[in-house]
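Below is one structure, written out as structure tokens, with a few remarks after it.
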Amino acid sequence: MPKLKFLPHEEICPQGMTIEAEPGTTIIEAALQAGIPVEHACEKVCACTTCHVIIRHGFDSLEQATEKEEDLLDKAWGLEPESRLSCQAKVADSDLEIEIPKYTINMVSEAH
């Protein structure tokens, strides 16, 4: 089973965590099952960017993002070439290293 290594995040996962996930499981489903509280304001239906993650290793093992996901990612805070919405990115057969960005668009909006 592929391993998902979540890098340390100051608030969400301070120590970082490595979990296993069944292929076909979305990254957010695996995270939530393991007790990693990744934000998901739209309830995982690809309608916001709060579950944005950056895939530091293993990005090429994921299926390509849909046009809808790419359009939403354009609005994500801290967008990088290896960014994905964790509600859409399904684990394949490779290990992943995942960074949860420091902020979500909700946090940035609330700060203003």
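Of all residues in the range 71-81, one or more are small (Gly, Ala, Ser), outside any strand (DSSP E or B), open to solvent by 30 Å² or more (accessible area, probe 1.4 Å) and free of Cβ contacts under 8 Å to residues at least 40 places away in the same chain.
Going through the range 95-112 one residue at a time, which ones are in a loop (DSSP other than H, G, I, E, B), open to solvent by 40 Å² or more (accessible area, probe 1.4 Å) and either farther than 14 Å from ALA41 by Cβ or modelled with pLDDT under 70 (or both)? Can you show your working first?
First, pick out the residues of the range 95-112 that are in a loop (DSSP other than H, G, I, E, B): 95, 100-104, 111-112.
Okay, now just the ones that are also open to solvent by 40 Å² or more (accessible area, probe 1.4 Å), so 95, 102-103, 111-112.
ASP95, LYS102, ALA111, HIS112, listed by residue number.
For the range 17-43, which positions are in a loop (DSSP other than H, G, I, E, B), open to solvent by 80 Å² or more (accessible area, probe 1.4 Å) and either touching a residue at least 12 places away in the same chain (Cβ under 8 Å) or under 19 Å from ASP95 (Cα atoms) (or both)? Give the steps one after another, and end with the answer.
The initial filter retains those residues of the range 17-43 that are in a loop (DSSP other than H, G, I, E, B), namely 21-25, 34-43.
Subset that is open to solvent by 80 Å² or more (accessible area, probe 1.4 Å): 22, 43.
Within the range 17-43, GLU22 is the sole residue that qualifies.
If you go through the range 4-16 and keep only what is open to solvent by 70 Å² or more (accessible area, probe 1.4 Å) and more than 15 Å from ALA89 (Cβ to Cβ), you end up with PRO8, GLU10, GLU11, PRO14, GLN15.
The values are calculated or read from the model by the stated rules, or taken from the named source; none is laboratory data. Everything numeric in this text was worked out from a predicted model, so none of it was measured. Note that each Cβ is placed from the backbone with ideal geometry, even for glycine, and that neighbours are counted across all protein chains shown. For the accessible areas, the whole protein counts, side chains as well, though only heavy atoms, and no ligand, DNA or RNA atoms are used. Shrake-Rupley method; radii C 1.70, N 1.55, O 1.52, S 1.80 Å.
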